[in-house]
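Rule-based calculations on the coordinates, nothing more; no lab input. The structure presented is a predicted model; accordingly, all values stated were derived computationally and were not measured. Neighbour counts are summed over all protein chains in view; Cβ atoms, including those assigned to glycine, are modelled from backbone coordinates with ideal geometry.
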Amino acid sequence: MQTPAIIHVDMDAFYASVEQRDNPELRGRPVMVGGSGRRGVVAAASYEARQFGVRSAMPAARARRLCPEGVFVAPRFERYREVSREIFAIFRSWTPLVEGLSLDEAFLDVSDAVENGHDLDDIGLDIKRRIAGKFGLTASVGMAHNKLVAKIASDYDKPDGFVRIRPDEVHRYLDPLPVQRIWGVGPRSAERLNDAGIYTAGQLRKTGIDVLQRLFGDHAGDLRRRAAGIDERRVKAERERRSISQETTLGEDLHDLEVIENLVREQSASVADKLVEKGLFARTVVLKLRSGGFSTITRSHSLDGYTCSGKVIGEQACAMLRRWVDWRTEFSIRLVGVGVSGLAEHPDETELIR
Ligand SMILES: [Mg+2]
């Protein structure tokens, strides 16, 4: 069997770079996207802003202190999605096997193209050049024989990275990395490893399985394989994520339709935010209600297309709520939830409901 050829592409400071591209006045300046609204956190920071220590997900007030001359701009997700769609079209010109992780990040399985005589480096370079040529944006590209190593490769020399890690180079690249850089090692696992004197991927892969089993039980083997750069997961063209939801258990039973509708609209907005964050679109809206009598009901409605609009989701959820309420003379609600399912990453333009 041929060696798989996997590319991981990660756009550099994507939202901020799109803003700088669209507005020349922002170029070369520290730009922070987001920072206003309910959450008040930075959604993305340009590399100029990162030099001041600003990071995404940082509270805006802190970012402002670190970088007083920084420019805050409101996010334009519609625009980012538009650019993202065109970038993904470039990916798809090489392979249908594109697994988007977010608007600005994807795995590509280009094994067939390589089989047909293309060089993996040439494909990676072509993607980089076309993104730069068409949008003036830089992407970091990692190439390897599996997803885990490709992702480490794209991150190795970011921004504007271009790194290929061949099978016989895996240990040389991975061994020096701190354990938390290994996929699946969260902060808690990293701490546990550090407490056991294991700081790098190299140390982790050489640690006896019995030692790791005492720390991680059944996960020990997985962890050690990952530290050695072994990963057999395939690139999945459409991610298999089933649903996103938001629910609230109320402190007291609610009887007022208007109050419940407002709550449903708020929940719909935050479900929509999650969709946008993950670069997903939904086809089905689900409403969940628990009445004071403790019975839980769910209602769902499928749209004629896909949406990530809080307004569209909210309208459907409220319509289902009103239909339920219409049937009874009195009601009391103890729990309300809004969810979406039938998720897709890149529905066709003609299927979008805005
Ligand atoms: Mg990125």
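Stretched out fully, how many nm does the piece from residue 82 to residue 328 gain, at 0.36 nm a residue minus the Cα gap?
Details: separation 246, 0.36 × 246 = 88.56 nm, distance 4.46 nm.
Gain in length upon complete extension: 84.1 nm.
Based on DSSP H runs of at least 4 residues, each adding -39500 (n - 2.57), what is the mean residue ellipticity at 222 nm of the chain after dividing by all its residues, to the nearest 500 deg cm²/dmol? One gets -12000 deg cm²/dmol as the mean residue ellipticity at 222 nm.
Cross-link reach is defined here as a Cα-Cα straight distance under 12 Å, omitting same-chain residues fewer than 8 places apart; for residue 288 the aspartates and glutamates meeting it are 247. Between residue 253 and residue 222, the distance separating the two model label sites (each 7 Å from Cα on the Cα→Cβ line) works out to 4.4 nm. Give me the orientation-averaged projected area of the Cα convex hull of the chain, in nm², one decimal. Over every viewing direction, the Cα hull of the chain projects on average to 22.0 nm². Applying both filters, DSSP loop and at most 12 other Cβ atoms within 10 Å, to the trypsin sites (Lys or Arg not before Pro) of the stretch 267-341 gives 328.
Extension gain, residue 52 to residue 243: 0.36 nm times the residue separation minus the Cα-Cα distance gives 65.0 nm.
How much length is gained if the chain between residue 89 and residue 203 is pulled fully straight, taking 0.36 nm per residue apart and subtracting their Cα-Cα distance, in nm to one decimal? Don't skip to the end; give the middle numbers.
Details: separation 114, 0.36 × 114 = 41.04 nm, distance 4.05 nm.
Extra length available between residue 89 and residue 203 comes to 37.0 nm.
Here the relative contact order of the stretch 195-354, from alpha carbon pairs under 8 Å that lie six or more residues apart, stands at 30 percent. So which GluC sites (Glu not before Pro) in the stretch 271-342 are both in a DSSP loop and have at most 10 other Cβ atoms within 10 Å of their Cβ? Loop-located and lightly packed - 330. Across the chain, Cα pairs under 8 Å and at least six residues apart give a relative contact order of 15 percent. Can you flag which of 158/274; 134/236; 147/236 are past 20 Å Cα-Cα? Beyond 20 Å between Cα atoms: 158/274; 134/236. Shown here is the pair-distance distribution of the stretch 176-289: with all Cα-Cα distances grouped in 10 Å bins from zero up to the longest one, the shares run 11, 28, 17, 22, 16, 5, 0 percent. For residue 274 paired with residue 311, estimate the spin-label separation in nm (one decimal), with each label point 7 Å from Cα along the Cα-to-Cβ line. Between residue 274 and residue 311, the label points sit 2.3 nm apart. Per residue, the convex hull spanned by the alpha carbons of the stretch 43-137 comes to 114 Å³.
What is the Cα centroid distance between the stretch 16-34 and the stretch 326-354, reported in whole angstrom? About 35 Å separates the Cα centre of the stretch 16-34 from the one of the stretch 326-354.
Just round it to a whole percent: the fraction of Cα-Cα distances in the stretch 268-318 exceeding 16 Å. Please report the intermediate quantities before stating the final value.
Details: 538 of 1275 pairs.
Percent of Cα pairs beyond 16 Å in the stretch 268-318: 42.
With point charges of +1 on the Cβ of Lys and Arg and -1 on the Cβ of Asp and Glu, referenced to the Cα centre of the stretch 303-345, which listed residue (340, 306, 318) lies farthest in the positive direction of the dipole? The residue sitting farthest along the positive end of the dipole is 318. Exposure proxy for 145, 219: other Cβ atoms within 10 Å of each Cβ, ordered fewest to most, give 219, 145.
If you plug the beta carbon distance of residue 118 and residue 180 into 1/(1 + (r/R0)^6) with R0 = 35 Å, you get a FRET efficiency near 0.50. Model label sites at residue 125 and residue 64, defined 7 Å from Cα along the beta-carbon direction, differ in position by 4.7 nm. Each residue in 308, 318 was given a count of other beta-carbon atoms within 10 angstrom of its own, and listing them fewest first yields 318, 308.
Note on the stretch 95-251: with charges restricted to the Cβ of Lys and Arg (+1) and Asp and Glu (-1), its dipole about the Cα centre is near 340 debye.
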